[in-house]
Amino acid sequence: MLRALEQFAPLPLQEDYDNAGLQVGLTETDASGALLCLDVTEEVIDEAISLGCNLIVSHHPLIFRGLKQVSDYNMVQRCVVKAVKNDITIVSMHTNLDNAKGGVNYKIAEKMQLADVRILAPKTVMGVEGGSGVVGELPQPMKATDFVKMVKERFGVECVQANQLLGREIRRVALCGGAGAFLLDEAIACQADAFITGEMHYHDFFGHEQEIQICVIGHYQSEQFTNEIFKSIITERCKGVRCFLTKVNTNPIICL
């Protein structure tokens, strides 16, 4: 199964700072079931245990920085201990899945019903083509107010952080799941009318009034459909393996 996931989203596509791939456990063990999630928490591991799954596939790596000890000191270490004790393997597909063709950003574009979708900032690493973000076209031009309303509905968000509403209609949309502020200039350069991402800094909003419609919807919310990609890969390439989408909402940020 690990081979199937990495064939879809090759590890060379991950960013230099990342730690995608095997996190905990053994790779040669037969999978009794796979629990698919965005983040690994103790509650998610408990869910895997209750479902009889010995594999967890996450988007965000459990182990992002090196561990100097494995104890009960923090959540990451407790998760490692619990996974090892219960013979659970944890695999993460992070920026390699972000940068893969058909990956996270393509799934977001699908939810937006964008056409003619292509990579916003393409790159080739060790012969593997991919890149950051995507850009595509809406089926029909939309007023900014209607566009923001649609974004809220498609992603189930209570609030969209936006700059001044655009005075012209929106047709071309660039997007990047997660923290995509680094692609704002590329979105403007490709003449996108709107840019959707999960999070941006305060100062990134300045200076783009009537240039591009910025829509920030939350990191978790922007990547919430990633589990659907995992499920399609496993069901198509690993016949017979049980797959479960986690029922645990791991978003640590709440709106009050």
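Identify all residues within region 245-256 that are over 14 Å from VAL40 (Cβ atoms) and either modelled with pLDDT of 95 or more or polar (S, T, N, Q) (or both); write none if there are none. Spell out the reasoning first.
To start, the set of residues in region 245-256 that are over 14 Å from VAL40 (Cβ atoms) comprises 245, 247, 253-256.
Once the filter is applied, which keeps residues that are over 14 Å from VAL40 (Cβ atoms) and either modelled with pLDDT of 95 or more or polar (S, T, N, Q) (or both), region 245-256 yields LEU245, LYS247.
Assess whether LEU120 counts as being over 27 Å from VAL248 (Cα atoms), in contact with a strand residue (DSSP E or B) (Cβ under 9 Å, 6 or more places away or on another chain) and in contact (Cβ under 8 Å) with a residue 60 or more places away in the chain.
Numbers: over 27 Å from VAL248 (Cα atoms): yes; in contact with a strand residue (DSSP E or B) (Cβ under 9 Å, 6 or more places away or on another chain): yes; in contact (Cβ under 8 Å) with a residue 60 or more places away in the chain: yes.
Yes.
Here are MET93, MET126: which of them is of a type outside the set (D, E, K, R) and in contact with a Ser or Thr (Cβ under 9 Å, 6 or more places away or on another chain)?
On the way: MET126 fails: in contact with a Ser or Thr (Cβ under 9 Å, 6 or more places away or on another chain).
Testing whether each residue is of a type outside the set (D, E, K, R) and in contact with a Ser or Thr (Cβ under 9 Å, 6 or more places away or on another chain) leaves just MET93.
For region 153-167, indicate whether the set of residues that are in a strand (DSSP E or B) and either over 18 Å from ILE217 (Cα atoms) or of a type outside the set (Gly, Ala, Ser) (or both) is non-empty.
Our first condition is that a residue be in a strand (DSSP E or B); within region 153-167, this holds for 161-162.
Applying the additional criterion that residues be either over 18 Å from ILE217 (Cα atoms) or of a type outside the set (Gly, Ala, Ser) (or both) yields 161.
The answer is yes, given that some residue of region 153-167 is in a strand (DSSP E or B) and either over 18 Å from ILE217 (Cα atoms) or of a type outside the set (Gly, Ala, Ser) (or both).
Which pairs do you get when a residue that is surrounded by 19 or more Cβ atoms within 10 Å (Cβ to Cβ), found in region 57-83, comes within reach of a residue that is assigned to a loop (DSSP other than H, G, I, E, B) and among the acidic types (Asp, Glu), reach meaning Cβ atoms under 9 angstrom, with the pair 6+ apart or on two chains?
SER58/ASP39; HIS59/ASP39; HIS59/GLU223; HIS60/ASP39; HIS60/GLU223; PRO61/ASP18; LEU62/ASP39
Quick one: LEU26 ticks every box in (1) assigned to a loop (DSSP other than H, G, I, E, B); (2) under 14 Å from ALA83 (Cα atoms); (3) in contact with a helix residue (DSSP H, G or I) (Cβ under 9 Å, 6 or more places away or on another chain) bar one, so which box is it?
(3)
Quick one: in region 39-49, which of the residues that are in a helix (DSSP H, G or I) and among the hydrophobic types (A, V, I, L, M, F, W, C) is most open to solvent (accessible area, probe 1.4 Å)? Explain how you work it out, then say what you get.
Going residue by residue through region 39-49, those that are in a helix (DSSP H, G or I) are 42-49.
Of the ones still in play, those that are also among the hydrophobic types (A, V, I, L, M, F, W, C) are 44-45, 48-49.
Values: VAL44: 0, ILE45: 0, ALA48: 0, ILE49: 72 Å².
Restricting to residues being in a helix (DSSP H, G or I) and among the hydrophobic types (A, V, I, L, M, F, W, C), the top hit is ILE49.
Conditions first: (1) more than 17 Å from TYR106 (Cβ to Cβ); (2) touching a Leu at 6+ places or on another chain (Cβ under 7 Å). ILE188 passes all but one, so which condition is the exception?
Failing condition for ILE188: (2).
Among the residues that make up region 26-38, is at least one of them open to solvent by less than 70 Å² (accessible area, probe 1.4 Å), within 21 Å of GLN221 (Cα to Cα), in contact with a His (Cβ under 6 Å, 6 or more places away or on another chain) and of a type outside the set (Ser, Thr, Tyr)? Break it down into steps so the answer makes sense when it comes.
Filtering region 26-38 down to residues open to solvent by less than 70 Å² (accessible area, probe 1.4 Å) leaves 31-38.
Subset that is within 21 Å of GLN221 (Cα to Cα): 35-38.
Filter again for in contact with a His (Cβ under 6 Å, 6 or more places away or on another chain), leaving 38.
When the remaining residues are screened for being of a type outside the set (Ser, Thr, Tyr), the result is 38.
Within region 26-38 (the criterion being open to solvent by less than 70 Å² (accessible area, probe 1.4 Å), within 21 Å of GLN221 (Cα to Cα), in contact with a His (Cβ under 6 Å, 6 or more places away or on another chain) and of a type outside the set (Ser, Thr, Tyr)), the answer is yes, since at least one residue qualifies.
Looking at (1) outside any strand (DSSP E or B); (2) open to solvent by 30 Å² or more (accessible area, probe 1.4 Å); (3) modelled with pLDDT of 95 or more; (4) over 13 Å from HIS59 (Cβ atoms), find the lone condition where GLU228 falls short.
Checking GLU228 against (1) outside any strand (DSSP E or B); (2) open to solvent by 30 Å² or more (accessible area, probe 1.4 Å); (3) modelled with pLDDT of 95 or more; (4) over 13 Å from HIS59 (Cβ atoms), the one that fails is (4).
Please specify each residue of region 168-211 satisfying the condition of being under 23 Å from GLU15 (Cβ atoms), part of a strand (DSSP E or B) and open to solvent by 80 Å² or more (accessible area, probe 1.4 Å). Break it down into steps so the answer makes sense when it comes.
First, the residues of region 168-211 that are under 23 Å from GLU15 (Cβ atoms): 174-190, 192, 195-201, 203-204.
The next check asks that each one be part of a strand (DSSP E or B); those that pass are 174-179, 195-199.
Within region 168-211, just GLU199 meets the criteria.
Assuming VAL135 fulfils every condition listed in (1) in contact with a Phe, Trp or Tyr (Cβ under 7 Å, 6 or more places away or on another chain); (2) open to solvent by less than 10 Å² (accessible area, probe 1.4 Å); (3) over 19 Å from GLU15 (Cβ atoms) apart from one, which condition is it?
Evaluating VAL135 over (1) in contact with a Phe, Trp or Tyr (Cβ under 7 Å, 6 or more places away or on another chain); (2) open to solvent by less than 10 Å² (accessible area, probe 1.4 Å); (3) over 19 Å from GLU15 (Cβ atoms) leaves (1) as the failure.
The values are calculated or read from the model by the stated rules, or taken from the named source; none is laboratory data. Please read all numbers here as calculations on a predicted model, not as lab measurements. Note that we place each Cβ from the backbone using ideal geometry, even for glycine, and neighbour counts take in every protein chain shown. Side chains included, ligands, DNA and RNA excluded: accessible areas come from the protein's heavy atoms. Shrake-Rupley method; radii C 1.70, N 1.55, O 1.52, S 1.80 Å.
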